[in-house]
1. How high is the FRET efficiency from B:Asp51 to B:Ser8, r the C-beta distance, R0 35 Å, rounded to 0.05?
2. A:Ser106's amide H: which non-local residues (gap 5+, or another chain) put their own amide H closer than 5 Å, with H modeled 1.01 Å from N in plane and none for Pro or chain starts?
3. Using each residue's phi in the range A:8-16, evaluate 6.51 cos²θ - 1.76 cosθ + 1.60 at θ = phi - 60° and report the 3J(HN,Hα) Karplus result to the nearest Hz, with x for Gly and Pro.
4. Counting only Cα atoms, I'd like the Rg/Rh figure for chain B, Kirkwood definition for Rh.
5. With labels modelled as points extended 7 Å from the Cα through the Cβ direction, what inter-label distance (nm, one decimal) is found for A:Gln14 paired with B:Val114?
6. Summing +1 for each Lys or Arg and -1 for each Asp or Glu, what net charge is found among the other residues whose Cβ lies under 15 Å from the Cβ of B:Gln37?
7. Please report, to two decimal places, log10 I(q)/I(0) for the range A:4-108 at q = 0.10, 0.14, 0.22 Å⁻¹ as given by the Debye formula with identical point scatterers on the Cα atoms and no solvent.
8. Where the accessible area of chain A is counted over protein heavy atoms with a 1.4 Å probe, how much of it, in %, is carbon and sulfur?
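The values are calculated or read from the model by the stated rules, or taken from the named source; none is laboratory data. A quick note: this is a predicted structure, and the numbers were derived from the prediction, not measured. Neighbour counts run over all protein chains shown; Cβ positions are idealised from the backbone, glycine included. What goes into the accessible areas is simple: the full protein's heavy atoms, side chains included, and nothing from ligands, DNA or RNA. Shrake-Rupley method; radii C 1.70, N 1.55, O 1.52, S 1.80 Å.
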Amino acid sequence: SQQGEEDPQALSIQEGENATMNCSYKTSINNLQWYRQNSGRGLVHLILIRSNEREKHSGRLRVTLDTSKKSSSLLITASRAADTASYFCATDAKDKVIFGPGTSLSVIP
Amino acid sequence: DVKVTQSSRYLVKRTGEKVFLECVQDMDHENMFWYRQDPGLGLRLIYFSYDVKMKEKGDIPEGYSVSREKKERFSLILESASTNQTSMYLCASRRTGTANYGYTFGSGTRLTVV
């Protein structure tokens, strides 16, 4: 089964609202990464959080990591229509990165 | 602007053809990867390479081979294309080392085998 599993599978919100996506994983990791993919395009790296970090910010993005619960969350604040995309978490362990199935986010103008 | 370039956005090939998907990166990254992405299955690793002339099988290597003759170029080869290889193919590269780095992805090649 997948190392990383995002939740929910799909999320629809109004512009200006916050969007929260969660990722759970099974084994120890070196770091956890979040990516965005616009329809039909490649993935874009958003943020990386190391296993010894608990929270990280980048612009409107906030990522948390709880290694005791083997989970991470991605918060997008003040969402915009341009944030509509699929979001993937990827766990990095032993030189192998495994991607979760993704969360599809729709931001309605 | 650093980037990973995949030679084709869309390809249509016939069953049985030998298909080459090319990927070039300009970041001097040691590690390069080929994934395929299918609805409901996410990204699956086909092959990866840690250095020139080195290659490692990923999770689904059957039906594929790769070539890395130069550091910047990583080619995926479908020896005899089949309809079940219709997919989005994504190339990625990553810097190696003890620090943690993310992947840089190309824009993808959507391959249709008819």
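1. Between B:Asp51 and B:Ser8 the formula returns 0.85.
2. Answer set, sorted by chain and number: A:Leu11, A:Ser12, A:Ile13.
3. Values, residue by residue: x, 6, 9, 9, 10, 9, 8, 3, x Hz.
4. So for chain B, dividing Rg by the Kirkwood Rh gives 0.95.
5. 4.6
6. Residues close to B:Gln37 contribute a combined charge of +3.
7. Computed log10 I(q)/I(0) values: -0.24, -0.48, -1.16.
8. Answer for chain A is 45 percent, counting heavy atoms of protein chains only.
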